[in-house]
Each structure stands twice: as structure tokens, then as C-alpha cells.
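Trainee: Submitted below is the structure of interest, expressed as C-alpha cells.
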Amino acid sequence: MKPYEPMNVKNLRVLTPEDYYDKLSHRYLMSSITLPSQYSSYAVCVEYIRDWFLSKFPPRFFNSIYVEGGHSFDEFRKFSQIQEAYKKSNPLLAIIPVIDMEYNRDWIDSNPAYPMVLRRARMEGTFFNDIRDNRGLHLQLQFKTILMNFTFKIRLDTRAEALDMMEWIKMNCRAGWSETHNVAIDAHVPRSIITQIAWDNNIRINEDGTPVDSTEMLAYLNQYSVIPFLYKLRAATGNSEYFLKIPNCMVRLKMNLPQMDDGERQDHLVSNFNIDFTLECEMTAPYCYTYYSQTEHKFVTGMDSIYDKTYTAVCIDPLIKTEVPSIDEHNWKMLTEEPIQYEVDDEDLGKECDIDFKPMFDHTDLGILIRWNLDTHLMPEMFISFKVFNGGVECEYSMDWENLIMHVSHELTHNTVVIGLYTDNKYMNETLIYLRDAKNNPSRVRE
């Protein structure tokens, strides 16, 4: 056996980190932060509290339920019953939600800077992990808690009903106490993240950044995610988008004691007693998404295009929201506060569609005016017009006024057709007055 000999340091060379990786392979440690929609969390909380409160009462107990900020695209159906809206019989319910935008649990739900969120050394909270062939695709979700205050206003006919309602609320709604629930919420996933994941996996995408085959994309996401992905309509944009079904989310309710007024006096009668019941709700909500991969994140960072040596440039819009103008080219105002939304099935995508307006116009002043114009050989276009959108693109259409069927001359790319309905209110009001006066007093001579 040879004796031990010291190492000859003259034959050693200095090593650097560059000696241990292939300089020709462009591999990066990339991470990007994306903030989800705050409105989505707001809407989920409002929906949960509304259902929670209504569950305390028998079905259809309230003759009218108004949620401040809710969709009103259905208003035009009640156009001929505007006066009746003021005559709805009690009990009535109004729900007024207010979100506290300054609430952060004493700065727990906050980060002083982006690097605090980009945890590259130790990724915590990643629920999506694709490590095939050392891909290194990860998606992380950080949570926060939102605080919302709700006011429930109930109107009743008599003082006796109001007093009984006060006791009902105290007992069934646990007024003055608090309670905690664990629920599953739908959290919106920003479109930019979905587009970037699709690009990193060579999944075909449309010009607006959405995957061509939503079924293929959904199958891939759920294969490597511990939280289920959903693909459904997002009412805020009118388009189908991707969501997470997050289980075991905390909802904490703190109820206050109800308050009652002295009613409204009309001559010798006192009616319309109002009860105000308030509560405070804390709910788990998404704070931010962090996406990790080994390629550049040009979709997530909002770049207009992305380039690759094997692909051509693909222009994207990170979020398409259908903007329907409130006034059309005739300076006619949209009849409803929000546009009409018409849903089509997946098998109807890529085709033109027909929309039947007859159930919507039947027994309304709008339907009466259309019929009167047709009977007098006047085209309804002289007081009514439409603007039709699908996937953020305005579509051409034709209208069969006899059957009230609209034909949309556009191959649909999204499940929702958004329609703006515009009317000449001056013509409508003057014509309605003429028709009603002619019916009630057919004589040409009036005293």
C-alpha cells in the first residue's frame, strides 16, 4: 500500500457556478405576481350572506328582495309596470352591502414589498405543480380576509308584525351573538395566468388569450392541481372564465340587535314599519397569485406580444370586458341600467344564433308600441335599436319584427351574447299617451 501523499494544488483550477449549468439552455427562475379581482370576492360574500339571511325565513316570504348593486338587465320586462313597482305589498326586503377597503387584520394581510411574496427559496402554498421533465411550473395562492358590513331593511304593514319580526330576528338570526362557518368559495383565476400556463404547455390559444379548447385546458389544470379548477360564466365580464373551488374557507358573522322605527303616518293610519338589522362579515378571499416557471412571463406582465423561435407573435388582451355604450348613435339612452345577457350552449359556439324576444316583450309597453307600429306600417327602428356583442366584438344582426326574433350574423366565440337595448323615450311617451287617450276618450272634442 502506497503511503499517503499530499494533494498537488498546482493542478487544481478555480470553479465558478457557470461551470455547472449548460450555457446554451436558456433556463430562468421566473416568478410573477397577479392580483385577482376584488369584485369577485365581494360578489361571493354578498351572495352567501343573502342566502344565509333568506334561509331563516319560509320560502317566498318576502314579496320583493332588492340587493344594492345587483344586476338589473331584467328591468325592461317590467317597463309597463313601473307604477306597480311603488305598490308592492309588504313584507319587503332590501340588502345593502358595504366593503371595508382599509381592513387588513392589523397589517397581517399585507406585504411591504413584492419580494416578500416572491418566495423562490421555499415555495409555500403552491397548489399547482407540474414537475414533468423538470418543467418547474408552480402556482401559489396567498389568502387574506375581507370585511363587509350588511344592512337588512325590512318593511312591514303593522306594528304587531314589526314587533313579532323583531323577536324572530333575535332568535333565528342570533342577534347580538357571533358564529363561524366553513364554506367552499369560487375564487377567480386571472386570465393572464391561464394564458401563460397554456403557452408554457403548447396549448393553443385564441387571439384574446383564451385557450381554444377549454376542456383540454381544464383537464390539464386539474391533473396537476390539488384544488379543483372550474370553467364557468363570470357575470362581471359576460365571458366564461376559470375559477378555483376552494374548500374550508372561514366566514365569521357578528350580528347586532335589530332596530325598529315608528312607521309612516298617513292621515289617521300608521303603516310601513321599518326594521334595520345589521351584521359584520369576515370572509376568506384570495390575496394574490404567484406563478413560477423557467421561461419569461410576458403574458403575466402585460406585454402586448410574446415571441419564440418556433412560434410567431401572438397578440393578446389580458382581459376583455364587453363595454356597451350607454347612448347609441341616435343619442338614445339604453333602456336598462345593464345590458341584456343571452346564454348559449357549448355546442352552439362557432355558429350564428337566433334570439327570441317575444317572451320578453309580451305584455309590455314596448311590445304594444312595436305591434302598433307594424299595424300602422311604421318600422319599429324609428324608436328602438340594439347593439350586440360577443366576446367583446360587436356583431351584425337582423330583426324579424313580426315574430320578434333577432338573427345574430356572427359565429359565436363565447357563451354569452351581450345586448344593449336603446329606445327613443320621447317617441314612446308621446305615443303611449296618444294610445291611452284614444282608448279612454275616443271623442275628438274634450272639455
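The values are calculated or read from the model by the stated rules, or taken from the named source; none is laboratory data. A quick note: this is a predicted structure, and the numbers were derived from the prediction, not measured. Ideal geometry is used to build each Cβ from the backbone, glycine not excepted, and the neighbour counts take in all protein chains shown.
Trainee: Checking Lys10 against (1) at pLDDT 80 or above; (2) part of a helix (DSSP H, G or I); (3) of a type outside the set (Gly, Ala, Ser), which test does it fail?
Mentor: Of the numbered conditions (1) at pLDDT 80 or above; (2) part of a helix (DSSP H, G or I); (3) of a type outside the set (Gly, Ala, Ser), the odd one out for Lys10 is (1).
Trainee: Need pairs with beta-carbon distance below 8 Å; first residue free of Cβ contacts under 8 Å to residues at least 12 places away in the same chain and within the stretch 186-214, second crowded, with 22+ Cβ neighbours inside 10 Å and not hydroxyl-bearing (Ser, Thr, Tyr); sequence gap 6+ or separate chains.
Mentor: Here the result reads Arg204/Ala198; Arg204/Pro211, each pair linking the stretch 186-214 to a residue that is crowded, with 22+ Cβ neighbours inside 10 Å and not hydroxyl-bearing (Ser, Thr, Tyr).
Trainee: Same structure again: When the residues of the stretch 149-163 are narrowed to those that are out of contact with any Leu (no Cβ under 9 Å at 6 or more places or on another chain) and not in a helix (DSSP H, G or I), which ends up nearest to Gln38 (Cα to Cα)?
Mentor: Asp157
Trainee: Could you list, in sequence order, all residues of the stretch 327-367 that are part of a helix (DSSP H, G or I) and surrounded by fewer than 16 Cβ atoms within 10 Å (Cβ to Cβ)?
Mentor: Residues satisfying the conditions are Asp346, Glu347, Asp348, Lys358, Pro359.
Trainee: Return the total of residues in the stretch 218-253 being buried (at least 16 other Cβ atoms within 10 Å of the Cβ) and within 30 Å of Met171 (Cβ to Cβ).
Mentor: Count: 3.
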